[in-house]
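Peer 1: My questions all concern the structure below.
The values are calculated or read from the model by the stated rules, or taken from the named source; none is laboratory data. Since we're looking at a predicted model, the values are computed, not measured. Note that each Cβ is placed from the backbone with ideal geometry, even for glycine, and that neighbours are counted across all protein chains shown. Accessible surface areas use protein heavy atoms only, side chains included; no ligands, DNA or RNA. Shrake-Rupley method; radii C 1.70, N 1.55, O 1.52, S 1.80 Å.
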Amino acid sequence: MPAYHPPRIAAGEITPESIFLNRRGFLAGAGAAGLLAFGSSVPAGAAALKASESRFSTDEKLTSEDDVTAYNNFYEFGLGKGDPKAKSGKFKPTPWTVKVDGMVSKPREFGLEELLAFPLEERIYRMRCVEAWSMVIPWTGFPLAALLDKVEPLGSAKYVAFETVVRPDEMPGQGGFFQSLAWPYVEGLRLDEARHPLTILALGLYGKTLPNQNGAPVRLVVPWKYGFKGIKSIVRITLTDKQPPTTWNIAAPNEYGFYANVNPAVDHPRWSQASETRIGEGGFFGANRRPTLPFNGYEEEVAKLYAGLDLKANF
């Protein structure tokens with residue numbers, strides 16, 4: 001059977017605005033004030049967010065909002081794909097602060113209202129899970145570089161470390177005798193990766209604030225890397241000169257590397273990464289699979305970051 005070659009999607013292609021407005025029931029003019037008015041008793045996802053169009057978007061068919069919000073990996077709420085939605089009702093995403101410290105000139109904490117005050121954009125990105133499934137998600141957020149500029153990284157800073165909240169009373173996956181991972185969940189990027197225009201802090205999806213199960217109220221999105229790099233419910237960002245530890249690399253270093261760039265030429269030890277199933281299209285047992293693109297289709301934008309680096313050794 002001849003190989004299937006999907007069209008390459010350029011970063012400058014934008015889904016027509018009318019499609020998103022119809023799909024999301026977008027409420028013009030809503031924003032940070034709308035979220036804060038609800039208070040902590042209302043789940044994240046209830047408030048609409050106003051965002052501008054972005055040139056960093058794909059025109060691929062969106063994964064349904066139902067699938068994006070119901071099929072998740074978020075072990076803080078449980079190991080099953082449905083656990084995050086089913087078990088995150090007690091989680092309180094407001095009030096919230098993110099501490100930014102380490103090798104910076106101006107360490108500080110950012111309240112949620114300050115994060116929502118950054119110019120927000122709609123970023124329609126492919127998301128490729130390391131488990132060989134994928135989605136296309138309309139995130140609302142802003143470049144991580146904009147936040148880093150506020151704290152002025154020192155010239156000696158080389159990496160950015162991230163940390164998730166620990167609240168076992170609200171996150172049942174963090175409680176009990178058996179723990180699937182060491183908490184808090186931690187992640188990291190090289191500083192040049194963190195400052196790349198594609199890297200964003202997401203505050204919403206489908207035009208609304210993030211649901212608890214998707215990482216409320218703020219998460220990292222790095223579309224050329226496997227989804228586990230997209231750390232959720234961030235409470236701390238630290239600039240450092242040393243490569244930071246990352247949760248899955250600690251748990252299984254032979255399976256999950258620090259870089260975690262989507263690479264169809266480097267298989268997971270227990271399965272192939274050459275193809276993937278797009279959620280909503282079915283076919284986990286061979287049907288409707290598509291070839292995985294290098295760097296998840298963002299090769300043109302990011303390959304230069306890794307010039308001269310052996311991506312099989314540095315997986």
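Peer 1: How many percent of the accessible area of the range 127-214 is carbon or sulfur, using a 1.4 Å probe?
Peer 2: Roughly 58 percent of what the probe reaches on the range 127-214 is carbon or sulfur.
Peer 1: Additional query: Stretch residue 250-residue 192 to full length: gain in nm at 0.36 nm per residue minus the Cα-Cα span?
Peer 2: 18.6 nm
Peer 1: Let me ask something additional. What chymotrypsin sites (Phe, Trp or Tyr not before Pro) in the range 156-262 are in a loop by DSSP, with at most 15 other Cβ atoms within 10 Å of the Cβ?
Peer 2: Taking the range 156-262 and a limit of 15 other Cβ atoms within 10 Å, the loop chymotrypsin sites (Phe, Trp or Tyr not before Pro) found are 177, 178.
Peer 1: At a Förster distance of 35 Å, what's the computed FRET efficiency of residue 271 paired with residue 241, Cβ-Cβ distance as r, to 0.05?
Peer 2: 0.50
Peer 1: Where in the range 124-160 is the amide nitrogen less than 13 Å from a point lying 7 Å along the Cα-to-Cβ axis of residue 105?
Peer 2: 149-156
Peer 1: Let me ask something else about it. How large is ³J(HN,Hα), in whole Hz, for each residue of the range 91-108 in order, when computed from phi with the Karplus curve 6.51 cos²θ - 1.76 cosθ + 1.60 and θ = phi - 60°, using x for Gly and Pro?
Peer 2: Result, rounded to whole Hz: 6, 10, x, 9, x, 8, 9, 10, 8, 10, 8, x, 7, 9, 7, 10, x, 6.
Peer 1: Check each of the GluC sites (Glu not before Pro) in the range 234-288 and keep only those in coil by DSSP with at most 16 other C-beta atoms within 10 angstrom; list them in order.
Peer 2: 255, 281
Peer 1: List the trypsin sites (Lys or Arg not before Pro) in the range 53-113 that DSSP assigns to loop (not H, G, I, E or B) and whose Cβ has at most 14 other Cβ atoms within 10 Å. Which are they?
Peer 2: Listed in order of number, the matching sites are 55, 61, 90.
Peer 1: A further question on this structure: Summing Lys, Arg as +1 and Asp, Glu as -1, what charge do residues with Cβ under 13 Å from the Cβ of residue 270 carry, residue 270 excluded?
Peer 2: For residues surrounding residue 270, the net value is -3.
Peer 1: Same structure again: Output wanted: per-residue J couplings in Hz (rounded whole) for the range 119-128, from phi through Karplus 6.51 cos²θ - 1.76 cosθ + 1.60, θ = phi - 60°, x for Gly and Pro.
Peer 2: x, 8, 10, 8, 10, 9, 10, 6, 10, 10
Peer 1: Separation between the residue 67 and residue 86 pseudo-spin-labels, each 7 Å from Cα along Cα→Cβ, expressed in nm?
Peer 2: Using points 7 Å along Cα→Cβ, the separation is 2.1 nm.
Peer 1: Just how far, in whole angstrom, is the range 175-242 from the range 246-281 if you go by their alpha carbon centroids?
Peer 2: 17
Peer 1: Report the full-extension gain for the segment residue 178 to residue 166: residue separation times 0.36 nm, less the Cα-Cα distance, to one decimal in nm.
Peer 2: Full extension from residue 178 to residue 166 adds 2.7 nm.
Peer 1: If you plug each phi of the range 53-65 into the Karplus form 6.51 cos²θ - 1.76 cosθ + 1.60 with θ = phi - 60°, what whole-Hz ³J(HN,Hα) values come out, in order, with x for Gly and Pro?
Peer 2: Per residue, the Karplus-derived 3J(HN,Hα) values read 5, 10, 6, 8, 9, 10, 9, 5, 4, 5, 6, 4, 4 Hz.
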